[in-house]
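The values are calculated or read from the model by the stated rules, or taken from the named source; none is laboratory data. Only a predicted model underlies this, so the values are computations on that prediction, with no experimental measurement involved. Glycine also receives a Cβ, built like all others from the backbone with ideal geometry; neighbour counts cover every protein chain displayed. Heads up: the accessible areas ignore ligands, DNA and RNA and are worked out on the full protein's heavy atoms, side chains in. Shrake-Rupley method; radii C 1.70, N 1.55, O 1.52, S 1.80 Å.
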Amino acid sequence: VPPAKLARGALFYTTPSRQFPTGATLPVARRLALLKAAEESSAWILEDDYDSEFRYSRAPLPSLHSLDTAGRVIYLGTMSKVLYPALRIGYLALPPSLVEPFADLRATAEDHGPFIDQATLAEFLACGVFYSHIRRCRRAYAERLETFLDSARPLPFRFPHTDGGMNLMGLWTAAPRSSDDALQARLDEAGFDVAATSRYAIGPSRRGLLFGFTAFEPAVIRAGCRRLAALLDR
Ligand SMILES: Cc1ncc(COP(=O)(O)O)c(C=O)c1O
């Protein structure tokens with residue numbers, strides 16, 4: 001939850017499209033309040049829109065960057081989710097006043113970017129294949145999400161945020177007696193790469209597991225949910 005006031009000149013980092021690991025989205029009213037707070041205290045907002053390409057059932061909310069009339073938002077995107085993380089290419093959309101300082105900073109920090117990768121990506125974008133790739137991924141992931149939600153019905157979880165991203169937070173409907181550490185060990189042993197939500201929390205948190213669904217064919221998802229149901233039943 002963004003604060004109502006920001007310190008003068010502060011930098012406020014946020015992922016409004018999708019908070020990891022909960023999957024929560026920042027509502028428009030809060031986006032507008034955050035922009036107002038940034039304008040009032042000349043603060044900067046760093047909007048990390050790392051997986052906004054993957055929305056399945058509803059249109060995405062407008063980015064902070066698109067709502068910003070005062071030039072306070074630095075928009076950050078990445079190719080890591082939509083292509084692959086080893087590519088190491090991201091991008092910034094900057095308020096005009098920051099373009100030159102950032103270009104200077106970039107030149108000082110790293111003068112030679114990955115030119116060949118960048119040129120290849122530029123070609124991939126220019127010929128339109130990038131966009132058909134995104135549409136194909138979105139279709140496949142939407143099907144995998146639907147399969148997962150359907151197959152996970154017998155599992156003791158509820159999924160509060162199911163519209164986007166590449167993973168889903170499932171909150172226990174009846175928390176297990178065993179600790180997250182003990183549970184994690186059992187899951188690891190059975191070959192499940194799912195993390196307890198407490199792993200991402202500094203303090204006490206709602207208990208749950210984080211499920212990835214985009215990397216698996218529907219048949220694998222169905223079989224995995226059946227195996228998990230059997231494991232949790234023991
Ligand atoms: C919040 C957030 N931002 C950005 C990224 C992407 O980082 P990078 O572009 O360095 O791969 C990730 C990757 O998981 C992420 O979780």
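If we scan segment 20-38, do we find a residue that is crowded, with 19+ Cβ neighbours inside 10 Å and of a type in the set (Phe, Trp, Tyr)? No: zero hits. In segment 40-54, the qualifying residues are those that are more than 10 Å from the ligand (Cβ to nearest atom) and of a type in the set (Phe, Trp, Tyr), and the one that is least open to solvent (accessible area, probe 1.4 Å) is Phe54.
Is it the case that segment 81-98 has a residue that's within 30 Å of Ser198 (Cβ to Cβ) and touching a strand residue (DSSP E or B) at 6+ places or on another chain (Cβ under 6 Å)? Within segment 81-98, one or more residues are within 30 Å of Ser198 (Cβ to Cβ) and touching a strand residue (DSSP E or B) at 6+ places or on another chain (Cβ under 6 Å). Taking segment 81-102 as the range and being outside any loop (DSSP other than H, G, I, E, B), within 8 Å of the ligand (Cβ to nearest atom) and touching a residue at least 12 places away in the same chain (Cβ under 8 Å) as the test, only Gly90 passes.
Test Lys36 against the stated conditions and say whether it is within 16 Å of the ligand (Cβ to nearest atom) and among the basic types (Lys, Arg). No.
Among the conditions (1) away from the ligand (no atom under 15 Å from the Cβ); (2) closer than 22 Å to Ala119 by Cα, the only one that Thr78 does not satisfy is (1). Within segment 136-162, the residues that satisfy the criterion of being closer than 17 Å to Glu53 by Cα and out of contact with any Pro (no Cβ under 8 Å at 6 or more places or on another chain) are Arg136, Cys137, Arg138, Arg139, Ala140, Tyr141, Ala142, Leu145, His161, Thr162. For segment 1-19, the set of residues classified as open to solvent by 40 Å² or more (accessible area, probe 1.4 Å) and away from the ligand (no atom under 16 Å from the Cβ) consists of Val1, Pro3, Ala4, Lys5, Ala7, Arg8, Gly9, listed by residue number.
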